[in-house]
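The numbers here are math on the coordinates, done by the rules we state, and not lab data. Since the structure is predicted, the reported quantities are computational estimates derived from the model, not experimental observations. FYI the Cβ positions are ideal-geometry reconstructions off the backbone, even for glycines, and counts take in every protein chain you see.
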Amino acid sequence: MMTLSPVRETFLIFLRLGLTAFGGPIAHLGYFREEFVNRRRWLSDAAYADLVALCQFLPGPASSQVGLALGLQRAGYRGALAAWCGFTLPSAILLILFAIGLVEFGDRLPGGLIAGLKIVAVAVVAQAVWGMAKSLCPDWPRRLLALAAAAFLLALPSAWSQIGVIVVGGLIGLSLKQSGVAAPGEALAAGIGRRAASLWLLFFFLGLAGLPLLAQAFPGQTLAMVDAFYRAGALVFGGGHVVLPLLQAETVAPGWIGSETFLAGYGAAQAVPGPLFTFAAFLGAAGKLAPNGWGGGLLALAALYDPVWTSAIHGPLELLLAALAFTALMFGKQAPWRVVAGCALAGALLL
């Protein structure tokens, strides 16, 4: 029997997960634990828990970061690239194809079909907000902190407001933290040295500070897209659903993409396996300005009320359909792709 190299093995395992891992970030972390802790013993349960906690602390998509870290531990930089490609490309390709089809043939599709995809986005984000509220805000101090942060961001929506809220929230969280004895941890095999890690951290901050300056100094759609999507990944904590308002502000407000197309793509993203952040590939591919199509989708790949609710719910029928979708997701435990297909069909027939 032929023995696979660590890089090839990593790619094939993550490709299978990228083709079959439905259910969103929390489900993906469960798939990873079953595959790499229970089945393959790449790391212990305690080490995996520490890795997940670290990635949830960082900005950006947690499940994708866990996958990258697992590939990095297994086979270095090539392993990280193999894990990212295997897990990400299937859903990215599907969403780019959907975006191209929507741009080319969207005017021939029933209007209710797009409306149904927009409505399912309401239910999906509502489910995510409900789940995060129960786990992240179990007591009144944290609930009040979350409400205050939401009110501030709705009143002053900007990237700098998000940074300020994160910093202030962190300081308040430190003051509220109860003293206790930390559970013993376990050393994680990083796969790279401390010097390399420091350089990557430096590149992260250079990109965060330098890309906006470059985009202003050299106006152009390509650099503007790189800057917008880099900031979306670098400044948002909490996963794919939380990044929605910032992506909407960066793509819909400047006129890169229409509001209806934005929400239709977000609804479709629930029906494909793999990481939710590949929605960025859809946004790049469906953009009105070049680069778009395959080039824009691959480039773009490197909030409940606004915009989701205001753009999708226009009357009692849309509200009823959103409520049914939310019930199916939250209490019926239906797979997201089934709810997406059902909403799209209902929208085509009823709206």
_Charge-dipole axis of segment 6-88 as Lys and Arg at +1 and Asp and Glu at -1 on Cβ define it, positive-most pick from G86, P6, V66_ = P6
_Sites L213 and I192 - FRET efficiency at Förster radius 41 Å, r taken between beta-carbons, to 0.05_ = 0.90
_Apply the Karplus curve 6.51 cos²θ - 1.76 cosθ + 1.60, θ = phi - 60°, to the phi angles in segment 262-277 and return the couplings in whole Hz, x for Gly and Pro._
4, 6, 4, x, 5, x, 5, 4, 6, 8, 10, x, x, x, 5, 5
*asked:* Report the gain in length on full extension from A27 to W200: 0.36 nm times residue separation, minus Cα-Cα distance, nm rounded to one decimal.
replied: 59.4 nm
*asked:* Taking the square root of 5 times each eigenvalue of the Cα gyration tensor, what semi-axes in Å does the equivalent ellipsoid of segment 6-88 have, largest first?
replied: 16, 14, 13
*Which whole-Hz couplings ³J(HN,Hα) result when phi for each residue of segment 32-46 is put into the Karplus expression 6.51 cos²θ - 1.76 cosθ + 1.60, θ = phi - 60°, listed in order with x for Gly and Pro?*
4, 4, 5, 6, 9, 9, 6, 8, 9, 6, 5, 7, 7, 5, 5
*Distance between modelled label sites at W160 and E34, nm, 7 Å Cα→Cβ extension*: 4.7 nm
